[in-house]
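Undergrad: Pasting in a structure now, in C-alpha cells, and then I'll have a few things to ask.
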Amino acid sequence: MSSNKLIYSLLFVVISAAAKSLNEDCCTITEYSQVPDVVETCKNIVISNLRVPANKTLNLNLQDGSELTFEGRTYFDYFEWKGPLVNITGDDLIVRGAPGHVLDGQGELYWDHLGGKGIKKPKFIRLQGNNSRYENIYLKNCPVHCASVAVSNSIIDGWLIDVSEGDKNNFTGHNTDGFDLSSTNLILQNSIVKNQDDCVVVNVGANILVRNMACYGGHGLSISAGFSKDDFAKNSVYNVIFEDSLVHRSPNGIHVKTHADSGPGIIQNIIYRNIRFEDINNFALNIQQDYVNGEATGIPGTNIPIVGLSLDNISGWMKSFNESPTLEALILCGDGACDKWEFHNIDITGAQNNSICTFQPEGYSC
C-alpha cells in the first residue's frame with residue numbers, strides 16, 4: 001500500500017470522530033465507589049479529582065458512544081502489582097482531558113533503575129476499542145509502560161506523556177515505553193513523550209500512521225516484532241508510516257528489531273520520513289534481527305523477515321553520552337531475511353565509529 005493510500009484510508013476515522021456531538025446529561029465521578037454505577041448508567045462521564053485505591057484498576061468499560069473527560073488530578077495509591085492502573089474499553093468513544101488535568105501514576109514511588117526486572121510495577125493505561133478518539137491526555141510519571149494501545153479505526157491526538165523525573169539519579173525510571181501499539185487503522189499524532197524507553201513502538205498491527213511526534217530522552221521510534229512462539233499474525237507488522245517527528249537525546253533514533261527466539265512473522269512496508277535527530281548517543285539507525293530473551297545477541301535470525309523498508313529525509317546529529325560509542329547505522333540482518341530496502345537523503349553528523357552493516361540498502365553506503 002502506498003503512503004498516500006494509507007493516509008486516505010485512515011481519514012474516515014477523523015471525519016467520523018469529528019462528527020460526534022456532546023451528550024446533554026453529564027455524570028461526575030469523584031469517588032472510586034461511584035465508578036461501576038456511573039459507567040453502567042451514563043454515556044457522558046466526567047472523572048474529577050479522583051483517588052484510586054491501591055491494587056485497584058480504574059476500570060472504565062464504557063457504553064458504546066460514550067464521552068469521557070478527565071479533569072483535575074487523578075492519582076493512584078502505591079501498590080506493587082502488574083496493573084493496569086486504568087483500563088478503557090468501548091466503541092465509538094471520545095476520551096479527552098480537560099485543561100489543567102493530569103493522570104498521575106506516581107512512578108517516583110516505584111522506580112529502582114530496574115524497570116520490569118525490579119519490584120512489581122503497574123502498567124499505566126490500556127486502551128481497547130474501535131472507531132474512537134482519545135485526545136489531550138496528560139500522563140505523568142508512569143511506573144512502567146505508559147500507554148498500551150489495542151484499538152482499530154481510531155485516533156490518538158495531542159497527548160503529553162511526561163516521565164522526565166525518571167531521568168534523575170542516573171535514570172531511576174526504566175522500561176517506561178510511551179506508546180505500545182498493537183492496533184489496526186490507527187493515527188497517532190501531535191504528541192510529546194519524555195521517558196526512558198521507546199517513544200513509540202509498534203509490536204503488531206497494520207495501517208498505522210505516526211506523525212508530528214516529539215520524543216525526548218527515550219529510545220526512539222521503534223518496531224519490535226516477535227512475541228509469540230507459534231502465531232504468525234501476532235509476530236507481524238504491516239504498512240506503518242512514521243513521519244514529521246523529532247527524536248532528542250536518545251540511544252536510538254530509528255529502531256527496528258525482531259526477536260530471533262519467537263515463531264515466524266514478517267515486518268513489511270515500513271516508511272520513516274522527515275525525521276529529525278538531536279543528540280543521538282548510540283545508533284542513529286538501528287535495525288537488528290538478533291534479540292533473544294529481550295536482549296541483543298549479535299547473532300541475527302531469519303524467522304521474521306523485514307521486507308520493504310524506506311527511509312527518506314532523515315537528518316540530525318549524534319553526541320556521545322558517558323563515552324558511549326556512536327554509530328550512524330547498525331544493520332544486522334539474517335541470511336536472506338532483509339529485502340527491498342531504500343534509504344535516501346540520510347544526513348547525520350557526529351558519529352565517532354564506522355557503521356556496521358550485514359545488508360546494504362539501496363541508495364545508502366555503510
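Undergrad: In contact with a Lys or Arg (Cβ under 8 Å, 6 or more places away or on another chain), closer than 14 Å to residue 52 by Cβ, of a type in the set (D, E, K, R) and surrounded by fewer than 22 Cβ atoms within 10 Å (Cβ to Cβ), is that true of residue 92? Explain how you work it out, then say what you get.
TA: Numbers: in contact with a Lys or Arg (Cβ under 8 Å, 6 or more places away or on another chain): yes; closer than 14 Å to residue 52 by Cβ: no; of a type in the set (D, E, K, R): yes; surrounded by fewer than 22 Cβ atoms within 10 Å (Cβ to Cβ): yes.
Here the answer is no, as residue 92 does not meet what is asked.
Undergrad: Additional query: Only one residue in 327, 332 is closer than 20 Å to residue 202 by Cα and at pLDDT 95 or above, so which one is that?
TA: Within the list 327, 332, the selection yields 332.
Undergrad: On to the next question. Quick one: how many residues across segment 14-63 are touching a strand residue (DSSP E or B) at 6+ places or on another chain (Cβ under 7 Å), outside any loop (DSSP other than H, G, I, E, B), closer than 15 Å to residue 95 by Cβ and modelled with pLDDT under 95?
TA: Matching residues across segment 14-63 total 1.
Undergrad: Among the numbered criteria (1) over 18 Å from residue 266 (Cα atoms); (2) more than 24 Å from the chain's Cα centre (by Cα), which one does residue 328 miss?
TA: Condition (2) is where residue 328 drops out.
Undergrad: Still on this structure: Among residues belonging to segment 165-186 that are touching a strand residue (DSSP E or B) at 6+ places or on another chain (Cβ under 8 Å) and surrounded by 24 or more Cβ atoms within 10 Å (Cβ to Cβ), point out the one that is nearest to residue 133 (Cα to Cα).
TA: We begin by selecting, within segment 165-186, every residue touching a strand residue (DSSP E or B) at 6+ places or on another chain (Cβ under 8 Å); these are 177-186.
Subsequent filtering for residues that are surrounded by 24 or more Cβ atoms within 10 Å (Cβ to Cβ) retains 177-179, 181, 183, 186.
On the way: 177: 21, 178: 18, 179: 15, 181: 15, 183: 14, 186: 10 Å.
Across segment 165-186, the extreme among qualifying residues is 186.
Undergrad: Return a yes/no flag: does segment 243-260 have any residue that is among the hydroxyl-bearing types (Ser, Thr, Tyr) and surrounded by fewer than 21 Cβ atoms within 10 Å (Cβ to Cβ).
TA: Looking through segment 243-260, none of the residues is among the hydroxyl-bearing types (Ser, Thr, Tyr) and surrounded by fewer than 21 Cβ atoms within 10 Å (Cβ to Cβ).
Undergrad: Just to be sure I understand the filter: pairs with C-beta atoms under 7 Å, separated by 6 or more residues or on different chains, first member in segment 178-197 and in contact (Cβ under 8 Å) with a residue 24 or more places away in the chain, second member among the acidic types (Asp, Glu) and in a strand (DSSP E or B). Which pairs pass?
TA: Every condition considered, the pairs that remain are 189/157; 190/157; 194/162.
Undergrad: Out of the residues in segment 293-303 that are at pLDDT 95 or above and of a type outside the set (Gly, Ala, Ser), which is surrounded by the fewest Cβ atoms within 10 Å (Cβ to Cβ)?
TA: Ranking the candidates gives 299 first.
Undergrad: Hey, does segment 225-233 have a residue that's touching a residue at least 60 places away in the same chain (Cβ under 8 Å), buried (at least 20 other Cβ atoms within 10 Å of the Cβ), in contact with a His (Cβ under 8 Å, 6 or more places away or on another chain) and part of a strand (DSSP E or B)?
TA: First, the residues of segment 225-233 that are touching a residue at least 60 places away in the same chain (Cβ under 8 Å): 225-226.
From what is left, the residues that are buried (at least 20 other Cβ atoms within 10 Å of the Cβ) are 225-226.
Keeping just the survivors that are in contact with a His (Cβ under 8 Å, 6 or more places away or on another chain) gives 225-226.
Right, trim to part of a strand (DSSP E or B) and you get 225.
Checking segment 225-233: at least one residue is touching a residue at least 60 places away in the same chain (Cβ under 8 Å), buried (at least 20 other Cβ atoms within 10 Å of the Cβ), in contact with a His (Cβ under 8 Å, 6 or more places away or on another chain) and part of a strand (DSSP E or B).
Results for (1) among the charged types (D, E, K, R); (2) outside any strand (DSSP E or B); (3) within 16 Å of residue 161 (Cβ to Cβ), shown as yes or no for each residue.
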position	(1), (2), (3)
65	no, yes, no
69	no, no, no
74	no, no, yes
87	no, no, no
92	yes, yes, no
103	no, no, yes
112	yes, yes, no
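Undergrad: Can you tell me how many residues in segment 304-327 are within 24 Å of residue 279 (Cβ to Cβ) and either part of a loop (DSSP other than H, G, I, E, B) or out of contact with any Phe, Trp or Tyr (no Cβ under 8 Å at 6 or more places or on another chain) (or both)? First the steps, then the outcome.
TA: The first filter runs over segment 304-327 and keeps only residues within 24 Å of residue 279 (Cβ to Cβ), leaving 311-327.
The next check asks that each one be either part of a loop (DSSP other than H, G, I, E, B) or out of contact with any Phe, Trp or Tyr (no Cβ under 8 Å at 6 or more places or on another chain) (or both); those that pass are 313, 319-326.
Going through segment 304-327 one residue at a time, the tally reaches 9.
The values are calculated or read from the model by the stated rules, or taken from the named source; none is laboratory data. Treat the numbers as computed from the prediction; the structure is a model and nothing was measured. A quick note on method: Cβ atoms are made from the backbone with ideal geometry, for glycine too, and the neighbour counts reach across all protein chains shown.
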